[in-house]
Amino acid sequence: MAFSNYKSISTVIKKFQIKYVQSNFMLEIDFPVKESFREELDLLFMDGVIDNSEDAICENLIYPVLKEVWKLYRSNLTLWSHETLVYDEDLSGVPYYTVTQRNPLGTIVFDKPYFLMVEAKQDKFEEGWGQCLAEMIAVQRINDDFVSEVFGIVSNGKIWQFGKLIADVFTRNKNLYVIQDLDKLFAAVNYIFQQCELKIQKT
């Protein structure tokens, strides 16, 4: 079944026997937000059409944040957009964004392990988490790695929610992050990228 067919997080939890926990696991690692980024975002909010579709949300609000943080980690990590991910017929599809280890053969090689899955939804967070958790399970199984953390983000561009999967336990961070507080949001995204890079260093 394609990731997009999972319409609720409870469906995924029951199908794959995943335990669901809510707690604040996120840390915040300071990240300097450029003034030019703030100005561009202000312009978009004032005069742009930024959330009329999931594609618009991705292009205007989600990808710019991810890209800005990814630049710091680009020697070790690659940020992919709409790259097909397949484990089996129940776990396949096209996540919005995926972060992987950078392949030594070049940036065109979609490498594993995969670390971070990002889904965009127009305020349908439960549906977004259904798809995102299915993607995280696929990553876990593709890598045959049930010990390491796989991170996930679901966002409507303005509100950002974070989760992680270890073994059969999915933890959803209780606190939300909002794009109006860029410093905290960037610090949260920076923490996730840092954890991804640390995983590479350990392996």
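The values are calculated or read from the model by the stated rules, or taken from the named source; none is laboratory data. Owing to the predicted nature of the structure, the values given are computational and were not obtained by experimental measurement. Reconstructed Cβ throughout: ideal geometry from the backbone, glycine too, with neighbour counts over all protein chains shown.
Identify all residues within the range 16-48 that are without any contact (Cβ under 8 Å) to a residue 40 or more places away in the chain, touching a helix residue (DSSP H, G or I) at 6+ places or on another chain (Cβ under 9 Å) and either assigned to a helix (DSSP H, G or I) or among the aromatic types (F, W, Y) (or both); write none if there are none.
Once the filter is applied, which keeps residues that are without any contact (Cβ under 8 Å) to a residue 40 or more places away in the chain, touching a helix residue (DSSP H, G or I) at 6+ places or on another chain (Cβ under 9 Å) and either assigned to a helix (DSSP H, G or I) or among the aromatic types (F, W, Y) (or both), the range 16-48 yields E40, L44.
Among the numbered criteria (1) more than 25 Å from N175 (Cα to Cα); (2) within 16 Å of the chain's Cα centre (by Cα); (3) charged (D, E, K, R), which one does K15 miss?
Of everything listed in (1) more than 25 Å from N175 (Cα to Cα); (2) within 16 Å of the chain's Cα centre (by Cα); (3) charged (D, E, K, R), K15 misses just condition (2).
Name the pairs whose Cβ atoms lie under 8 Å apart, with the first residue in the range 62-75 and charged (D, E, K, R), the second assigned to a helix (DSSP H, G or I), and 6 or more positions between them or separate chains?
Close Cβ pairs (under 8 Å, with a partner that is assigned to a helix (DSSP H, G or I)) amount to E68/F37; E68/F186.
Select, from E39, E28, the only residue that is surrounded by 13 or more Cβ atoms within 10 Å (Cβ to Cβ) and acidic (D, E).
On the way: E39 fails: surrounded by 13 or more Cβ atoms within 10 Å (Cβ to Cβ).
The match here is E28.
Residue by residue through the range 49-81, note down the ones that are outside any strand (DSSP E or B) and more than 21 Å from D123 (Cβ to Cβ). Let's see the steps before the verdict.
Narrowing the range 49-81 to residues outside any strand (DSSP E or B): 49-76.
The answer is K67, E68, V69, W70, K71, L72, Y73, R74, S75, N76.
Working carefully through the options I192, I108, find the one that is of a type in the set (A, V, I, L, M), out of contact with any Asp or Glu (no Cβ under 9 Å at 6 or more places or on another chain), closer than 20 Å to T78 by Cβ and at pLDDT below 95. Full working, then the answer.
Details: I192 fails: at pLDDT below 95.
From the options I192, I108, the qualifying one is I108.
Out of the range 76-96, which residues are free of Cβ contacts under 8 Å to residues at least 24 places away in the same chain and of a type in the set (A, V, I, L, M, F, W, C)?
L79 - this is the single residue of the range 76-96 that is free of Cβ contacts under 8 Å to residues at least 24 places away in the same chain and of a type in the set (A, V, I, L, M, F, W, C).
For (1) small (G, A, S); (2) at pLDDT 95 or above; (3) surrounded by 19 or more Cβ atoms within 10 Å (Cβ to Cβ); (4) not in a loop (DSSP other than H, G, I, E, B), each residue gets a yes or a no:
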{"position": "F115", "(1), (2), (3), (4)": "no, no, yes, yes"}
{"position": "E135", "(1), (2), (3), (4)": "no, yes, yes, yes"}
{"position": "G152", "(1), (2), (3), (4)": "yes, yes, yes, yes"}
{"position": "F162", "(1), (2), (3), (4)": "no, yes, yes, yes"}
{"position": "L165", "(1), (2), (3), (4)": "no, yes, yes, yes"}
{"position": "K184", "(1), (2), (3), (4)": "no, yes, no, yes"}
{"position": "I200", "(1), (2), (3), (4)": "no, no, no, yes"}
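D47 - would you say it is under 22 Å from Y191 (Cα atoms) and loosely packed, with under 12 Cβ neighbours inside 10 Å? Lay out the reasoning, then the answer.
Values: under 22 Å from Y191 (Cα atoms): no; loosely packed, with under 12 Cβ neighbours inside 10 Å: yes.
Taking the combined requirement at face value, the residue does not satisfy it.
Test of understanding: among E126, E119, E135, which residue is under 22 Å from A2 (Cα atoms) and out of contact with any Asp or Glu (no Cβ under 9 Å at 6 or more places or on another chain)?
Working: E119 fails: out of contact with any Asp or Glu (no Cβ under 9 Å at 6 or more places or on another chain); E135 fails: out of contact with any Asp or Glu (no Cβ under 9 Å at 6 or more places or on another chain).
One residue alone meets the criteria, E126.
Only residues that are of a type in the set (A, V, I, L, M, F, W, C), closer than 17 Å to C196 by Cα and not in a strand (DSSP E or B): list them for the range 82-111, please.
First pass over the range 82-111, keeping only residues of a type in the set (A, V, I, L, M, F, W, C): 85-86, 91, 94, 99, 105, 108-110.
Subset that is closer than 17 Å to C196 by Cα: 99, 110.
Across the range 82-111, the qualifying residue is only F110.
All but one of (1) touching a residue at least 40 places away in the same chain (Cβ under 8 Å); (2) more than 15 Å from S8 (Cα to Cα); (3) not charged (D, E, K, R) hold for A134, so report the exception by its number.
Going through (1) touching a residue at least 40 places away in the same chain (Cβ under 8 Å); (2) more than 15 Å from S8 (Cα to Cα); (3) not charged (D, E, K, R) one by one, A134 breaks only (2).
When only residues in the range 137-150 that are out of contact with any helix residue (DSSP H, G or I) (no Cβ under 9 Å at 6 or more places or on another chain) and not basic (K, R) count, which is modelled with the lowest pLDDT? Outline the logic, then answer.
From the range 137-150, those out of contact with any helix residue (DSSP H, G or I) (no Cβ under 9 Å at 6 or more places or on another chain) are 139-144, 147; that's our starting set.
Retained after the next criterion (residues that are not basic (K, R)): 139-140, 142-144, 147.
Values: V139: 95, Q140: 95, I142: 93, N143: 91, D144: 90, V147: 85.
Checking each candidate, the answer is V147.
Could you tell me whether any residue of the range 76-90 is more than 25 Å from R172 (Cβ to Cβ), of a type in the set (D, E, K, R), within 17 Å of the chain's Cα centre (by Cα) and surrounded by fewer than 17 Cβ atoms within 10 Å (Cβ to Cβ)?
Checked against the condition, which is being more than 25 Å from R172 (Cβ to Cβ), of a type in the set (D, E, K, R), within 17 Å of the chain's Cα centre (by Cα) and surrounded by fewer than 17 Cβ atoms within 10 Å (Cβ to Cβ), the range 76-90 yields no hits at all.
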